[in-house]
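Below is one structure, written out as structure tokens; comments come after it.
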Amino acid sequence: MRDVGIVAFAESQLTYGTTNTPVEMIVPTVNEVLKNAGIERTEVDFWCHGSCDYMTGQPFSFVAAVDALGAWPPIIESHVEMDGAWALYEAWVKIQMGEANVALVFGNGKSSAGDMNRALTLQQDPYTVAPLWPGLTAMEGIGACAALQAGTVTERQMAEAASRARRDGAKNGNVLVSGSESADELLSRAVTSAPFRDHDLPAMADGVSAIIIAAGHAAKRIAKRPAWIRAIDHRIDHQNLGWRDLARSTSAAIAASEVGVHNDKVDIAELHTTFSHHEQLLINALQLRTDATRITPSGGALVGNALMAAGLSRFGHAARAIFDGTADRAVAHAQQGACLQQNIVAVLEGN
Amino acid sequence: MAGDKLQVTFETDGSLSAPLTLSYPYNRTLGTTYARFLSSLADRRIEGTKAQDGRVFVPPAEFDPSTGAPLNDWVQVGDSGTVVQWSWQPTPFADNTLDEPFAWALILLDGADVPMLHAVRASSVADMAVGMRVKAVWADERIPEITAIRCFEPVGG
Amino acid sequence: MSDKAADKPLRVRMPIGIDYKWCAGPASTDYLTGLKDGRLYGRRCPVCQMVYFPPRNGVCARDGVMLGESVEVGPKGTVTTFCIVNVPFLGQTIKLPYVAATIILDGAHLGFSHLLQEVEATDVRMGMRVEPVWRDKSDWDYSLENISHFRPTGEPDAPFDDYARYL
């Protein structure tokens, strides 16, 4: 295996209701991550993009997105219809294969383009589920119901996750909602989409996330302290909610075990929590010790969920903690689908 | 065409926007398993497939989730069942089968071993509970689609 | 499923539709509001200085930067390449044969496609100078369809070197 590290990260200012086109959204963040790395775009030998046409509202939008890259002379480029974290995985594989040394990966989403809660129905089985249009919140509500009933997550843990996300969001600055409410205060609020209160739902955002990863010498040249990707794995559960045990995330648990989350201490874990009950489900699956591991210090997707970018941003924030020495060993996580269907977990180390 | 005036809006920053509807008139081939399941719904029967370990899947599994073997052993299940999990939809989408606030539930039909997702017509959150009994309400139109079941409703509630 | 399979519906209509708000972005806003007024606006790349008409997605695809100042271009232009359409197809509304041409407007450096009429298809050639024919002003909208078609100006053809790099 080659040593591959995250060497630069950039994230757009999160908004809701940008009037820019998706391509206009991408350009500044791609240029910023190149600037953060201090390299020219010609030094990037593989590009990979994560986005979803149903969210962009434009068939083959990923083709138009190549306009944002300055693809002249022609580049080697690929796309995943997934969060940008899976684009990072593809780039990591490409580097492992020896076909690239420096890769730029990015994800973008414009949640304000339409009713994304409804549109995300289309991730489901088109014969027996999608024609009913359950929407993502309803499906996640069923998952939360399962977890609450089984006792793997409590209402208080959900409120605590939301409370901490809102407080961390205030420190981060680049989020859509923030607040200083205690878990008790949040619990006193009305249940709106049972079993959820409004703060249990993600703050939908428009945004772009970009990361540069590089192999060995290139990584050391670009970054003072690369966040070395020591292990990375992704797993998928079945699509059909009725076939799964929604009270736990089996795929996240396997991915965490594969990457050896517990081979050493975990200073921070950036978890892609889009609904508040995910946090405890993921803590359970990754077997994190909350007294020893700081959970999602960026605030996470609950306070700013740029679809198809928020997962990659978790990798970025975890890497940033390595860059600045806040952490020596970090876990990055991203998810896709309904009820934590697909999970990707990586261990990042500074040394 | 010029002449069909676009419904444009000027945003606060002066830029243009317009409504856009993307629609895809998919006409899906079903395959033998879903063809049988959905056409049985049109006949107001609910059928599932039995896996090698004896579990009955509704909607049917085309292949055994554990072994990958094709499943051809069909079982008719009841049109009543038990709510295993549920959530609340405070604002229905235009294309939901119900137009008042309602619940979603994973429902374990009598005779099935795996629950299926569908809508439950309940007047309020207070009427919903894990373990409650529900019964299918058939749509007026007999169509080979999952919406042949309009929704479920509480039994004796 | 055995004999009865033939009676069963194997195909089911499962339409999906999603409503969006499509934002044109600043570059296309200039372009579209210009068309509404019968004017043609592109945007200049601050790096390579090329003027894009239309301004695509508001970025220079070559340099990966946002396009800069708005530039009025045309209305006359030059045919770079063209295609004579002889084959009818579903939804086709124009009398055959007709010419679809790629045109570079004066002051712009990116071709776009439009209809070329008021000329025999066999007389169309690379380098031909053309001008837009606008529809009745009452029909104008935020659309390139405000231009009914292009037609020859009768000016001498542009020399090949003038447009060779944009082919």
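Listing for the model above:
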quantity: FRET efficiency for A:THR326 and A:THR290, using Cβ-Cβ distance with R0 set to 22 Å, rounded to 0.05; calculated: 0.80
quantity: Förster radius 41 Å - calculated FRET efficiency between B:SER123 and A:THR154 (Cβ-Cβ, nearest 0.05); calculated: 0.90
quantity: Backbone N under 13 Å from the C:ALA100 label point (7 Å along Cα→Cβ), restricted to the range C:123-158; calculated: none
quantity: Separation of the B:ARG142 and C:ARG165 label points, Cα + 7 Å toward Cβ, nm; calculated: 7.2
quantity: Three-way shape label, the range B:30-154, alpha-carbon gyration tensor, a/c 1.5; calculated: prolate
quantity: Mean separation of Cα contacts under 8 Å (6+ apart) over length of chain A, as relative contact order %; calculated: 25
quantity: Burial ordering of A:LEU148, A:LEU104, fewest other beta-carbon atoms within 10 Å first; calculated: A:LEU148, A:LEU104
quantity: Antiparallel DSSP beta bridges within the protein assembly as shown, as percent of all bridges there, nearest 5; calculated: 85
quantity: Dimensions (Å) - the protein assembly as shown, Cα atoms, principal axes, largest first; calculated: 84, 67, 47
quantity: Between helix B:31-42 and chain B: long-axis angle, C-alpha atoms, 0 to 90°, nearest 10; calculated: 90
quantity: Length added when fully stretched, A:ALA170-A:ASN263, from 0.36 nm per residue minus Cα-Cα; calculated: 30.2 nm
quantity: Kyte-Doolittle mean at least 0.5 and Cα axial length at least 15 Å: DSSP H helices in chain A; calculated: A:135-150, A:310-323
quantity: Residues of type aspartates and glutamates that C:LYS95 reaches as a straight line, Cα spacing below 20 Å, ignoring anything fewer than 8 places off in the same chain; calculated: C:GLU118, C:GLU120, C:ASP123, C:GLU145
quantity: When each of A:LYS110/C:LYS137; B:LYS5/C:LYS21; A:LYS171/A:LYS265; C:LYS21/C:LYS76; A:LYS35/C:LYS21 is checked by Cα-Cα distance, pairs over 28 Å; calculated: A:LYS110/C:LYS137; C:LYS21/C:LYS76; A:LYS35/C:LYS21
quantity: Residues listed by number, the range C:121-153, amide nitrogen under 13 Å from C:ASN86 label point at 7 Å toward C-beta; calculated: C:121-122
quantity: Debye intensity ratio in log₁₀ form over the Cα atoms of the range C:25-166, taken at each q of 0.12, 0.16, 0.17, 0.18 Å⁻¹; calculated: -0.50, -0.87, -0.97, -1.06
quantity: DSSP-loop chymotrypsin sites (Phe, Trp or Tyr not before Pro) across the range C:66-100, with at most 16 other Cβ within 10 angstrom; calculated: C:PHE89
quantity: Distance (nanometres) between label positions extended 7 Å along Cα→Cβ at B:LYS5 and C:ARG125; calculated: 4.6
quantity: Helix C:25-36 vs. chain C, principal-axis angle (Cα, 0 to 90°, nearest 10); calculated: 80
quantity: Vicinal HN-Hα couplings computed from phi for the range A:335-341 (Karplus, 6.51 cos²θ - 1.76 cosθ + 1.60; Hz; Gly/Pro x); calculated: 9, 8, x, 8, 6, 6, 5
quantity: Of A:GLY242, A:GLY50, A:GLY300, the one that fluctuates the most in a GNM where chain A has Cα springs shorter than 10 Å; calculated: A:GLY242
quantity: Counted charge near B:PRO115, where neighbours are those whose Cβ lies closer than 13 Å (Asp, Glu -1; Lys, Arg +1); calculated: -1
quantity: Calculated FRET efficiency for the pair A:TYR16/B:ASP43, C-beta based, R₀ 51 Å, to 0.05; calculated: 0.60
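Since every read-out is calculated from the coordinates, none of them should be taken as a lab result. This is a predicted model, so every value here is computed, not measured. Please note: Cβ atoms are built from the backbone with ideal geometry, for glycine as well, and neighbour counts cover all protein chains shown.
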